[in-house]
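Take a look at the following structure, please.
FYI, it's all coordinate maths here, none of it is from the lab. In this text, all values refer to a predicted model and were calculated from it rather than measured experimentally. All Cβ positions, even for glycine, are placed from backbone atoms using ideal geometry, and neighbour counts span all protein chains on display.
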Amino acid sequence: MSSKATWKLPKAIRGGIPVCFPQFGNLGSLEQHGFAKNRLWSVDSDPSPLAPTNNQTSVDLILKSTEEDLKTWPRSFELRLRVSLNAGKLTLIPRVRNTDSKAFSFTFALINYLYVSDISEVRVEGLETLDYLDNLMRRESHDRPREEENLCSAEGWHAGCRLFNLDYFFVWNPWDKKAKTIPDLGDEDYKTMLCVDSAAIETPIFLKPSEEWKSGQELSTVSSSYCSGQLDPRMVLHGLY
């Protein structure tokens, strides 16, 4: 979580796992990363049935199109998100349903802000053999990540990620100069953060009326070639790592 995070709508909170919908980045005419991250979600009182959570603690959230949303993106939708927490594991299952009378397309992403004690001691594993797009070098990307990847290793802890129906990883840190230009990010915050986003952007998702798209992301502790030991989620939540 940024030391300068804004906790007031309609500004998105810089930290946690913002949901990017119906647009990732600037891949469209809407604001950066779409409007879902700026909205107040509700607890879903009638969630659709999903697979049992196996002793996980979970909550179902829902976001529906509003009159304000329809002014900038005239499509009716329901965006649901199940968040499940278990020891060493955090699972997110997003679903988008087209409640409009016409078909629409969108891109989607989950921006994972990971806390690290020292960015200079972090390395990302499992993406070494993939083609990529470099925002600095303007290189093109074609390959997709495998279903399961080791993501982050640092100073005795390591986190992994499994994806379903999300075809890209994005790895980002603003570094020192860029950090100073971001109003809701502390000048030194870049030293203790790393964003590893999971996204569906290669081909926009197309939904006909009443159709639904579903994806999933599972963050968990995994073994690493860089370090050993197990991550204590309670210590990460309290910033003790």
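With labels modelled as points extended 7 Å from the Cα through the Cβ direction, what inter-label distance (nm, one decimal) is found for residue 26 paired with residue 55?
It works out to 4.9 nm between the two label points.
Looking at region 59-118, which chymotrypsin sites (Phe, Trp or Tyr not before Pro) are DSSP coil and have at most 16 other C-beta atoms within 10 Å of their C-beta?
Taking region 59-118 and a limit of 16 other Cβ atoms within 10 Å, no loop chymotrypsin sites (Phe, Trp or Tyr not before Pro) are found.
Which FRET efficiency value, to the nearest 0.05, is calculated for residue 85 and residue 176 with the Förster distance at 30 angstrom and r the Cβ-Cβ distance?
0.35
About the Cα centre, and with charges only on the beta carbon of Lys, Arg (+1) and Asp, Glu (-1), how big is the dipole of region 25-100? Nearest 20 debye, please.
260
Follow-up. Which log10 I(q)/I(0) values does region 35-106 give at q = 0.11, 0.12, 0.14, 0.18 Å⁻¹ under the Debye formula, counting every alpha carbon as one identical point scatterer?
Normalising to I(0) and taking log10 leaves -0.33, -0.39, -0.51, -0.76.
Between residue 43 and residue 164, with labels modelled 7 Å along Cα→Cβ, what's the label distance in nm to one decimal, could you check?
Those two pseudo-labels are separated by 2.5 nm.
Tell me which lysines have Cα within less than 27 Å of residue 89's Cα, excluding those fewer than 8 residues away on the same chain?
Those lysines meeting the cut-off are 37, 191, 214.
For labels at residue 68 and residue 203 in the simple 7 Å Cα→Cβ model, what's the distance in nm?
3.5
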